[in-house]
Amino acid sequence: MQPSDNQLDAHQHQNSTAPLKRAMSTRHLVMLSLGGAIGTGLFLGSGEVISQTGAIGAIIAYILGGAIAYMVMLCLGELAVHMPVSGSFGAYAKKYISPSTGYMISWMYWLTWTATLGTEFTAAALLMQEWFPQISMWIWTIIFAVTIFGLNISSTRIFAESEFWLALVKVVTVIAFIVLGLLAIFGLIPLHGAQTAPLFSNLTAQGWFPHGLIPIFTTMLIVNFAFSGTELIGVAAGETKDPAQNVPKAINAAIWRLLIFFVGTIIVISALLPFQLAGLGGDGVSSSPFVTVFNYIGIPYADDIIRFVIITALLSAANSGLYAASRMMWSLSEQKLLPSVFATLSKSGTPIVALVVTMFGAIPGLLS
């Protein structure tokens, strides 16, 4: 029996990515996706969505966002299993739409993450300066940049492991927030200023949709931004052990966990805070509804805990962003759309030139 053209294509694509080591397992992929999605969009942006749409509106917005992300991920999963290549979207667009579209998508995705890198380092340094005002921001920025570069250049395995632990900090925080929040909602732990268990009366206290239905759609930009990062599973498919089995597993696991985390967080915030207060805690980290809720429950050092979590969220985003951008550049070189030097691999199998150039591309972002 002769193999089909599609099978030959997939086989050739797998061979072309052979130098990139298949070092990631399902747990790495799931955490890569969760780590990419759980970040400032949830810790800071969720309060803004609630204050604009009301509690029920925010729940609907995040369910809609989750449904969109799930459908996109299912399509990406089909393609990733069929053609498990690093730099996935560019390669798929090139093959199934046109070479120029693939070229454009690869560069836009590279630019997205590269421009973001500088702002991630700057934001993390700003937060560190709140703890250590006497230390220059540039010192923190350099420390973070060198650390993230070191994790990426060492090996894919070390990158995946570091991303797993950075993402775990955020996941544990969200789970703790939901569990403590539910205990407070049902009156099992005391809540500042509440005589009785609040239950879920706050959800509709000001009506179902206090500002009408339109804000649900106008806040979708914030919501969809919060789900961005899930696509990293597709980028990593080319470096995953047994992608046909592990990629679909990871996509299903990641999306359902994200929906539970996001919607659970919104329900807890909305049940414990009047919707007008959700996005108005103060300046910087203090404006996070997580800080406001932790303060209401009586968790000591709530500001410091959330500041630490947001710093790990920023570093996790920078870590996975540098990974994704460098693989896009490697993919362009592999497809002969960039000079072959960009496909140069280190002894440990990481695209060293693409990583260095991407880091230099992030420097203009630092000037912000």
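The values are calculated or read from the model by the stated rules, or taken from the named source; none is laboratory data. Quick caveat, the model's predicted, so the values are computed rather than measured. Cβ: placed from backbone, ideal geometry, glycine included. Neighbour counts: every protein chain shown. These area figures cover heavy atoms from the full protein model, side chains too; ligands, DNA and RNA do not enter into them. Shrake-Rupley method; radii C 1.70, N 1.55, O 1.52, S 1.80 Å.
Here are some notes:
- Sub-7 Å Cβ pairs linking a first residue in the range 15-28 that is within 27 Å of Arg257 (Cβ to Cβ) and part of a helix (DSSP H, G or I) to a second residue that is open to solvent by 70 Å² or more (accessible area, probe 1.4 Å) and modelled with pLDDT of 55 or more, at least 6 apart or interchain, are Thr26/Lys249, ordered by first then second residue.
- Flag for Thr156 being of a type in the set (Val, Ile, Thr), within 27 Å of Phe342 (Cβ to Cβ) and in contact with a Leu (Cβ under 8 Å, 6 or more places away or on another chain): yes
- Residue selected from the range 216-234 under the condition among the polar types (S, T, N, Q) and closer than 28 Å to Trp110 by Cβ, by the criterion surrounded by the most Cβ atoms within 10 Å (Cβ to Cβ): Thr230
- From the list Ile158, Ile189, Ile153, Ile175, the one residue that fits, being over 18 Å from Gly365 (Cα atoms), crowded, with 18+ Cβ neighbours inside 10 Å and β-branched (Val, Ile, Thr), is Ile153.
- Residues of the range 139-194 classified as among the small types (Gly, Ala, Ser) and under 24 Å from Leu126 (Cβ atoms), total: 4
- Residue match in the range 207-215 (condition: in a helix (DSSP H, G or I) and open to solvent by less than 30 Å² (accessible area, probe 1.4 Å)): yes
- Residue-level check: of (1) loosely packed, with under 14 Cβ neighbours inside 10 Å; (2) without any contact (Cβ under 8 Å) to a residue 24 or more places away in the chain, Ile143 misses just (1).
- Leading residue by the ranking (nearest to Tyr109 (Cα to Cα)) among those in the range 235-246 that are of a type outside the set (Ser, Thr, Tyr) and crowded, with 24+ Cβ neighbours inside 10 Å: Val235
- In the range 218-255, the residues that are charged (D, E, K, R) and under 17 Å from Met71 (Cβ atoms): Glu231
- Ser106 being out of contact with any Phe, Trp or Tyr (no Cβ under 9 Å at 6 or more places or on another chain), open to solvent by less than 10 Å² (accessible area, probe 1.4 Å) and of a type in the set (Ser, Thr, Tyr): no
- Looking only at residues in the range 39-67 that are of a type in the set (S, T, N, Q) and either modelled with pLDDT under 80 or touching a Leu at 6+ places or on another chain (Cβ under 6 Å) (or both), the one that is least open to solvent (accessible area, probe 1.4 Å) is Ser46.
- Set side by side, the residues Ser46, Ser100, Ser86 differ, and just one is touching a residue at least 12 places away in the same chain (Cβ under 8 Å) and assigned to a helix (DSSP H, G or I), which is Ser46.
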